[in-house]
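Reading through the structure tokens given below for one structure.
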Protein chains: 2
Amino acid sequence: MQRRNFIKNTATIAAVGLSSEVFSIRGAGFFNDKVRIGFIGVGARGLGTLELALLRKDITVTAICDIDPITTAKAVKAVSDAGQKPPKLFTDGPHAYKKLLEQKDVDAVFICTPWEWPTPMSVDAMKAGKAVACEVAGAMSIDECWQMVRTYEQTLTPFMIMENVCYRRDVMAVLNMVRKDMFGEMIHLEGGYQHDLREVKFNDGVNYYGGGVEFGEKGYSEAKWRTTHSVHRNGELYPTHGIGPVGSIINNNRGNRFEYLTSMASKARGLNKYITDHPKGGKDHPNAKVNFRLGDVVTTNIMTANGESITLSHDTNLPRPYSLGFRVQGTNGIWMDVNKSIYIEGKSPAHKWEPADTYLKEFDHPLWKKYENDASGAGHGGMDWFVMNAFIEAFKRKDPMPLDVYDHASWAAITCLSEQSIAQGGEPQAFPDFTDGKWMNRKPIFALNDIY
Amino acid sequence: MQRRNFIKNTATIAAVGLSSEVFSIRGAGFFNDKVRIGFIGVGARGLGTLELALLRKDITVTAICDIDPITTAKAVKAVSDAGQKPPKLFTDGPHAYKKLLEQKDVDAVFICTPWEWPTPMSVDAMKAGKAVACEVAGAMSIDECWQMVRTYEQTLTPFMIMENVCYRRDVMAVLNMVRKDMFGEMIHLEGGYQHDLREVKFNDGVNYYGGGVEFGEKGYSEAKWRTTHSVHRNGELYPTHGIGPVGSIINNNRGNRFEYLTSMASKARGLNKYITDHPKGGKDHPNAKVNFRLGDVVTTNIMTANGESITLSHDTNLPRPYSLGFRVQGTNGIWMDVNKSIYIEGKSPAHKWEPADTYLKEFDHPLWKKYENDASGAGHGGMDWFVMNAFIEAFKRKDPMPLDVYDHASWAAITCLSEQSIAQGGEPQAFPDFTDGKWMNRKPIFALNDIY
């Protein structure tokens, strides 16, 4: 494919306001061969992503990196079961991924590793010219966010933050409604991660979920690493599922941006109680002495440049049904996820909620209409299919990534800013402008049509 | 009734931790005659309260004060219709209430006046030895809160803040469940005032609600005074319906207290849009030029001494169904008002909401069980009956008021602290300790049994 066609193919997108970044991406033209993928991290999340990738006809899995022999063996088997050639393996310690990045038959990497690793791995991958599909996490420091941004700007290697909830069917229908001005001007939004993770944070050291009160060295899978953050850190540790969809709706970094936040953490009781109440735990279990710092409910308020307020709730230590708690409220109406209801002035009966269902069907996003069958069966209600499809299709077209390094930086920064605010008794914390002012002129590109 | 009986009657309450205040209240013994009430303010709210009072056999309405002849006439007629003697009238300007306070045949006053007046009127009433039933409002200044507290402490005249939502049936059932430890240790609570008040803030100058875009001089009833606060003030203007019930649940000022808050206001769009969109308004209407400062959604986070976090939402300018948005969450479960659901670990199916209804019936508060019939038909689903009954019964018994001056001060202060936080870009604001340290030893007294 030649430069002329590339320009033609991107013209539609440019017309709706594509930044100049795309024209600088290395090379040009459609990617005609299969995309050759290296997987870095094939644990619980990575293995699921790998299995989803193996269903696609435009992907070849050429390399796998993981330090756990059990999970690596599962991944190798999955590739083999899919009828693909055995991938190269990189298993020799936490820096083995660097060898993977040297491989010429790797075009892009999926990074699904514990929270300490997405930044150094992404930075190294971008420097090596391997496109990055990066699993979500909060940042360890604001500097990590800057490293991601600066490395991308210096290398222009494609980078996408794989926030699947941006593609949740109801969320996309509401985005569609917002764009059709059903809710009027945006005023207040809410989201969160309200998910009882006690059986994720503790297990028996063998199975993924529950069955014991072990974590760290004696835990398995996420309990091995994730729980440590609940011991030592107090803040909005996992902001992206809540803030991602909200960011798309209010055009974050594209005519708008997060300006400052305040954060408040309740006392921490849930994890200790889980250990002491558990039949395999009890007051004399060594983990009953651990001082968990993470407040059971962390509430964060974000102010945007355009004056919307946003509330995020992080609630992972207590018994409760799962809810991301979305609320989208404008001058003309409101959607709430918790009661699955919508109110639109002039349409809904006065002062009465309507079931959201009817609206969500009517305003089903064009992407879901088109790809519903392809997505069915994929993880997390199909949204995992969409986020992977977006990365692969944007990569093949050399389009800019729909959820990019600036999205990542401003979302992941919430974690550090929230920790700082709590440590300072609720003091507001200003967001860095990771775009260096480009947010004023950048235009929305996320899910504008039914392409990806 | 003699001192001996008084002691006997208060013994039960003292046993559960009554403070020593009660023993200092002027006089002693049951109040055997009818309670003679003066009404200060008989507008929309005051008239409803008056009509409710006239249904009681233990109340005589002896005086009425209001500056509006229309509403005064309605009040006089209501008293006459109830077969009571014509009350004395005090209608000569905003300070006419002072004459009412001089009347010997007034034992107690109900104060239902615009937000600027409850403090000076309550202070004067307490000084005059008239027990005060004070309608709820946010404070104009922190000093107002101190005036209320100090005047009460100097006079020991009974003072009750008439927060009816503390008596809402579902709220009291949940309080009952909390006291039975169904939710475990309290962790996070939410409440608010999410009520589309656009037809309260604007009317046609004749009727109470809607029909035009007038306010201030040209408005009628609440539109005459309430809307002015939306023009000039930006904060949590009406905190008590949300924070009152939460305060009872977490034992505010009784072993716990509010420590600090942060507040955030969205942009202000709803009121201007209402005016410009209204058939009697439009872009050329003079009120379309008014710059309303009150953010459409104001979110406030409060931290307590015992480590619970509380989120309040004030949302009165946008089209939306009414909701106080309660959430009560502990180490063992959660109740949410929005989806009318409860989750209790070990009882509810794992990770699934249950309809709250079954629990709310099973744990119906003893007061509601006993007085359901008496309350039926009273304002706001019956809760108005309970709050009035509590005031009258506590007064007759010379018991301490169940919602007292410290409750009032700490609730009303939220308004000023919220304004300050917003004015300072979200800076945390410390609550004064209005109890001067007494909160550490005071015990809960609200609705401990089925007496009132």
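Scanning region A:417-432 for residues that are open to solvent by 10 Å² or more (accessible area, probe 1.4 Å) and either in a helix (DSSP H, G or I) or under 18 Å from A:ILE161 (Cα atoms) (or both) returns A:GLU419, A:GLN420, A:ILE422, A:ALA423.
Residue-wise test of (1) out of contact with any helix residue (DSSP H, G or I) (no Cβ under 9 Å at 6 or more places or on another chain); (2) closer than 30 Å to A:GLY330 by Cα; (3) at pLDDT below 95.
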| position | (1), (2), (3) |
| --- | --- |
| B:ASN306 | yes, no, no |
| B:SER313 | no, yes, no |
| B:TYR322 | yes, yes, no |
| B:GLY325 | no, yes, no |
| B:SER341 | no, yes, no |
| B:ILE344 | no, no, no |
| B:TRP353 | yes, yes, no |
| B:THR358 | yes, no, no |
| B:ASN373 | yes, no, yes |
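Taking the stated definitions as given, is A:THR113 without any contact (Cβ under 8 Å) to a residue 60 or more places away in the chain and among the hydroxyl-bearing types (Ser, Thr, Tyr)? For A:THR113, the condition - without any contact (Cβ under 8 Å) to a residue 60 or more places away in the chain and among the hydroxyl-bearing types (Ser, Thr, Tyr) - is not met.
Provide a single number: the residues in region A:201-215 that are open to solvent by less than 20 Å² (accessible area, probe 1.4 Å) and touching a strand residue (DSSP E or B) at 6+ places or on another chain (Cβ under 8 Å). Walk me through how you get there before you give the answer.
Step one: list which residues in region A:201-215 are open to solvent by less than 20 Å² (accessible area, probe 1.4 Å), which gives A:201-203, A:210, A:212-213.
So of that shortlist, the ones also touching a strand residue (DSSP E or B) at 6+ places or on another chain (Cβ under 8 Å) come out as A:202-203, A:210, A:212.
The number of residues fulfilling the criteria is 4.
Condition first: surrounded by 14 or more Cβ atoms within 10 Å (Cβ to Cβ) and more than 8 Å from every other protein chain (Cβ to nearest Cβ). Now tell me which residues in region A:349-366 satisfy that.
Step one: list which residues in region A:349-366 are surrounded by 14 or more Cβ atoms within 10 Å (Cβ to Cβ), which gives A:353-354, A:356, A:359-360, A:363-366.
Those that are surrounded by 14 or more Cβ atoms within 10 Å (Cβ to Cβ) and more than 8 Å from every other protein chain (Cβ to nearest Cβ): A:GLU354, A:ALA356, A:TYR359, A:LEU360, A:PHE363, A:ASP364, A:HIS365, A:PRO366.
In region A:275-331, the residue that is nearest to the other protein chains (Cβ to nearest Cβ) out of those that are among the small types (Gly, Ala, Ser) and either buried (at least 22 other Cβ atoms within 10 Å of the Cβ) or on the phi < 0 side of the Ramachandran plot (or both) is A:SER309. Within region A:239-258, the presence of a residue that is open to solvent by 30 Å² or more (accessible area, probe 1.4 Å) and among the aromatic types (Phe, Trp, Tyr) is excluded. The residues of region B:49-78 that are under 19 Å from B:GLY377 (Cα atoms) and assigned to a helix (DSSP H, G or I), listed by number, are B:THR49, B:LEU50, B:GLU51, B:LEU52, B:ALA53, B:LEU54, B:ALA78. Looking across region A:335-348, the residues that are more than 19 Å from B:PHE326 (Cβ to Cβ), open to solvent by less than 70 Å² (accessible area, probe 1.4 Å) and more than 7 Å from chain B (Cβ to nearest Cβ) come down to A:TRP335, A:ILE342, A:ILE344, A:SER348.
Taking first residues from region A:348-373 that are at positive phi and partners that are surrounded by 14 or more Cβ atoms within 10 Å (Cβ to Cβ), the Cβ contacts under 6 Å between residues at least 6 apart in sequence or on separate chains come to A:HIS351/B:PRO321. Checking each residue in region B:382-436 for being under 16 Å from B:HIS241 (Cα atoms) and acidic (Asp, Glu) picks out B:ASP384, B:ASP404, B:ASP407. Scoring A:LYS369 on the criteria (1) outside any loop (DSSP other than H, G, I, E, B); (2) open to solvent by less than 20 Å² (accessible area, probe 1.4 Å) leaves a single failure, condition (2). B:GLY381 meets all of the listed conditions (1) within 14 Å of chain A (Cβ to nearest Cβ); (2) open to solvent by 10 Å² or more (accessible area, probe 1.4 Å); (3) small (Gly, Ala, Ser) but one, namely (1).
The values are calculated or read from the model by the stated rules, or taken from the named source; none is laboratory data. Please read these numbers as outputs of a predicted model, since none were measured by experiment. Glycine also receives a Cβ, built like all others from the backbone with ideal geometry; neighbour counts cover every protein chain displayed. Areas reflect the complete protein model, heavy atoms only, side chains present, ligands, DNA and RNA absent. Shrake-Rupley method; radii C 1.70, N 1.55, O 1.52, S 1.80 Å.
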